[in-house]
Amino acid sequence: MKDQQLNHLDFEVMQIVWQLGQATIYDVLDHIGRKIPYTSVASSMKSLEKRGFLSHQLVGRTFLYHPLTQKSEISHSMLSDLLERFFDNSASRLVNALIEVKQIDITERKLLQQIINQKEGESDE
């Protein structure tokens with residue numbers, strides 16, 4: 001199984017490719033929102049392809065990259081890693097830290113409670 005962890009630049013690149021559906025290096029540079037060398041984006045995309053996150057096809061003389069991994073796969077993997085490394089696999093510790101750090105308002109707390117109640121109902125079935 002491929003390493004599902006992405007560094008900051010790799011994640012930014014993947015976000016853009018997911019958003020666009022396919023992208024060239026120049027597409028990523030146009031959408032990344034900050035100045036970054038072409039070679040950095042090219043290296044990131046080549047690494048992502050080598051690790052199985054992207055594939056490419058040659059269109060003229062340009063590599064057009066396509067995602068091979070869904071965003072949900074990566075987010076679940078990264079969240080599982082975070083949960084394991086920082087919260088001893090305790091979802092309650094994670095949620096408590098989230099509430100302390102983000103200062104969640106009453107509306108968002110109610111939404112979280114609805115999600116919990118819905119998931120409890122699904123597991124009872």
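Some points to look at:
- ³J(HN,Hα) computed for each position of segment 15-32 - Karplus, 6.51 cos²θ - 1.76 cosθ + 1.60, integer Hz, glycine/proline x: 4, 5, 5, 4, 5, 7, x, 6, 7, 8, 4, 5, 4, 4, 4, 5, 9, 6
- Charges were assigned to the Cβ only: +1 to each Lys and Arg, -1 to each Asp and Glu. The resulting dipole of the chain about its Cα centre is roughly 600 debye.
- Gyration tensor (alpha-carbon) shape descriptor, segment 24-63, a/c threshold 1.5: oblate
- Label-point gap, in nm, between residue 15 and residue 47 - each point 7 angstrom along Cα→Cβ: 1.7 nm
- Per-residue ellipticity at 222 nm computed for the chain from its helices equals -20500 deg cm²/dmol, with DSSP H segments shorter than 4 residues left out and the rest contributing -39,500 (n - 2.57).
- At the listed q of 0.17 Å⁻¹, the Debye profile of segment 1-87, built from one uniform point per Cα, gives log10 I(q)/I(0) equal to -0.68.
- Positive-end residue of 11, 23, 107, charge dipole of the chain with Cβ unit charges: 23
- Applying 1/(1 + (r/R0)^6) with r as the Cβ-Cβ distance of residue 78 and residue 22 and R0 = 22 angstrom yields a FRET efficiency of 0.45.
- For residue 55, the residues whose modelled amide H falls within less than 5 Å of its own, excluding neighbours fewer than 5 places apart on the same chain, are 66, 68.
- FRET efficiency for the pair residue 36 and residue 105, taken as 1/(1 + (r/R0)^6) with r the Cβ-Cβ distance and R0 = 30 Å, rounds to 0.30.
- The charge dipole of segment 32-76, taken about its Cα centre with unit charges on the Cβ atoms of Lys, Arg (+1), Asp and Glu (-1) only, comes to about 200 debye.
- Residue 55-residue 98 pseudo-label distance in nm [points 7 Å out on the Cα-to-Cβ vector]: 3.4 nm
We did not get these values from a lab; they are worked out from the coordinates using the rules stated. Please read all numbers here as calculations on a predicted model, not as lab measurements. Glycine gets a Cβ as well: all are built from the backbone with ideal geometry, and neighbour counts include every protein chain shown.
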